[in-house]
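Heads up, the thing below is written out as structure tokens.
The values are calculated or read from the model by the stated rules, or taken from the named source; none is laboratory data. Owing to the predicted nature of the structure, the values given are computational and were not obtained by experimental measurement. Glycine gets a Cβ as well: all are built from the backbone with ideal geometry, and neighbour counts include every protein chain shown.
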Amino acid sequence: MNLPVAFLSRISTQLGIETEAFLQALKAEPVTSVRFHALKANPENADFVKGEKVEWNPNGYYLPERPSFTADPWFHAGAYYVQEASSMITALFLEPERYDCVLDACAAPGGKTTLLLDTLPESTVLIANEVIKSRAGILAENLTRWGNPNVIVTNNDPQDFSRLSGLFDLILTDAPCSGEGMFRKDKDSIKEWSPENVAICSARQRRILNDLYPALNSGGHLIYSTCTYSPEENTQSVTLFLEEHPDMELYPLVLPREYGMLPVKIAGVENAAYQCFPHHCRGEGFFICRLRKKGEKTEVSEVESREKNSGGKGKNKDKKFGNFEKNTFQVTEFPWEKWINHFNPRCIKSADEYVFYLLPQVEAVLARIISLRVIKKGLLLGKIQGKDFIPSHELALSTLISPEVPGINLPCKTAIQYLMKSDLDNETGLEKGWILAKYKDVNLGWIKIAGNRLKNHFPIHWRIRNL
Ligand code: SAM
């Protein structure tokens, strides 16, 4: 591994006598780890060999070797997320019961969003945002796989959130950074590294934090993280942000020492942040710090009236994401009460041909973010097509879908054929209707039975092309 001289010089100042151990650790193989979806999959049924558990996450496992995830049907079903182990520590910084509305501001591809969703109750609404359009699409796909109904995905610049005064009780800023912590895993990050890029990243991080600051409710928490070691992007970004915002304070947390995360002191405060180095901790490089906005939490109704007074013209004129004035959908064809766990008929909303299941708290937040570019909201149930209703892939993968919906477990080879979008022979004995394709009891998507053929409704743009 050829590391830039300027990086070596800085890291040896930073680590002193530990530099050699750090460089040795970088020569080792990167660690592969996954986090299982507790509501979907039993880790014991996974096709790959699991190693030790990740100490700080009940659903996290190290894998002794990296399998072909593409060839594993569970990967496509959201049965687990391939996530770097050290970043799973983020969940320990949450106080879930405090948060009505959460923003994951730099969310793609969605590792930490899915982690937050595992920890937060369904009453919390999570907005997962990504500024780069193509990455926002990948984020929406990964959140469709994870299946929670309390999520909204947006595609906005952090500055677009500055007018949503005090809306969020928690903002996670997993900031774009110089990626030093990924050197072992992603060799391109070494090529892209330079002292100039570190300075650019640091300035961008401060801008992002300043843009998001007005949207944080008083009493709310801000978690700032990066996957780099550079003090310029970590402690310095936090220190400068604190200097500019005297109503923000560090909000330390003491982690068990055996996790191997090194506590970092900022502005004289012990355990203000943690840094994960690969020679101490089983994972890639990571930095995390928690802050708090002073004061008591402002209740939602006050925020709402402030929002209304500040006006705001909606950009969401798109019929799929517009408001639901024309609620014309008749709940007839599908036995929704049986199909959706804890079904509430008032949550069914239609906008022209699209039908959604929107929890009241999600709808309330949507009403307050009309200026944002929403690309996914709540649970899309399906689409009305003439006289037919086509259930959505989102519904098949949703955590709300009931186990009573008919389905068939496919053997691995057939499951892969299904994920490649081949039609299958009908060996079910059923003649008509919608059923779920499953692999080891986890839903993969829809099949429509039509005589002796099973029509494959797996989304065409998601299909496996190469194994
Ligand atoms: N939180 C993600 C996860 O756990 O999967 C990883 C986020 S990654 C470290 C940082 C993200 O910030 C990237 O998706 C990147 O596209 C986005 N980003 C890049 N420039 C940005 C900017 N100027 N403002 C906000 N986000 C930006």
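Residue-by-condition table, conditions (1) polar (S, T, N, Q); (2) more than 21 Å from the chain's Cα centre (by Cα); (3) more than 29 Å from N45 (Cβ to Cβ):
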residue: Y354; (1), (2), (3): no, yes, yes
residue: F389; (1), (2), (3): no, yes, yes
residue: K421; (1), (2), (3): no, yes, no
residue: D425; (1), (2), (3): no, yes, no
residue: V442; (1), (2), (3): no, no, no
residue: L467; (1), (2), (3): no, yes, no
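How many of the residues in region 214-224 are within 14 Å of the ligand (Cβ to nearest atom) and farther than 28 Å from M182 by Cβ? Looking only at that region, the number is 1. Looking only at region 434-467, residues that are β-branched (V, I, T) and surrounded by fewer than 14 Cβ atoms within 10 Å (Cβ to Cβ) come to 1 in all.
Of the residues making up region 408-417, just one is more than 26 Å from the chain's Cα centre (by Cα) and surrounded by 20 or more Cβ atoms within 10 Å (Cβ to Cβ), namely L410. When S392, S398, S422 are screened for being among the polar types (S, T, N, Q) and surrounded by fewer than 18 Cβ atoms within 10 Å (Cβ to Cβ), only S422 passes.
Taken over region 227-270, the criterion of being β-branched (V, I, T), under 27 Å from the mean Cα position of the chain (by Cα) and more than 22 Å from P195 (Cβ to Cβ) is satisfied by V254 alone. With respect to the conditions (1) surrounded by 19 or more Cβ atoms within 10 Å (Cβ to Cβ); (2) in contact with an Asp or Glu (Cβ under 7 Å, 6 or more places away or on another chain), T114 lacks only one, and its number is (2).
Do we find a residue being within 24 Å of F277 (Cβ to Cβ) and within 12 Å of the ligand (Cβ to nearest atom) anywhere in region 139-149? No, region 139-149 contains no residue that is within 24 Å of F277 (Cβ to Cβ) and within 12 Å of the ligand (Cβ to nearest atom). Any idea which residue in region 9-38 is farthest from the chain's Cα centre (by Cα), counting only those that are surrounded by 13 or more Cβ atoms within 10 Å (Cβ to Cβ) and part of a loop (DSSP other than H, G, I, E, B)? The extreme case among them is P30. Scanning region 65-91 for residues that are within 13 Å of the ligand (Cβ to nearest atom) and outside any helix (DSSP H, G or I) yields Y81, V82, Q83, E84, A85.
Of the residues making up region 96-127, those that are within 11 Å of the chain's Cα centre (by Cα), more than 9 Å from the ligand (Cβ to nearest atom) and not in a helix (DSSP H, G or I) number 3.
Selection within region 150-162: residues that are outside any loop (DSSP other than H, G, I, E, B) and within 11 Å of the ligand (Cβ to nearest atom). The member of this set that is nearest to the chain's Cα centre (by Cα) is P158. Please verify whether region 150-163 includes one or more residues that are at pLDDT 95 or above and closer than 17 Å to T226 by Cα. Within region 150-163, one or more residues are at pLDDT 95 or above and closer than 17 Å to T226 by Cα. All of S305, S350, S301 fail the test of being part of a strand (DSSP E or B), more than 24 Å from the chain's Cα centre (by Cα) and at pLDDT below 95, apart from S350. For region 169-205, the set of residues classified as away from the ligand (no atom under 11 Å from the Cβ) and over 22 Å from A25 (Cα atoms) consists of D169, L170, I171, P195, E196, N197, V198, A199, S202, listed by residue number. Where strands (runs of 3 or more DSSP E) fall entirely within region 363-467, those with at least 1 residues that are modelled with pLDDT under 95 are at 379-385, 388-391, 407-409, 432-439, 442-450, 453-456.
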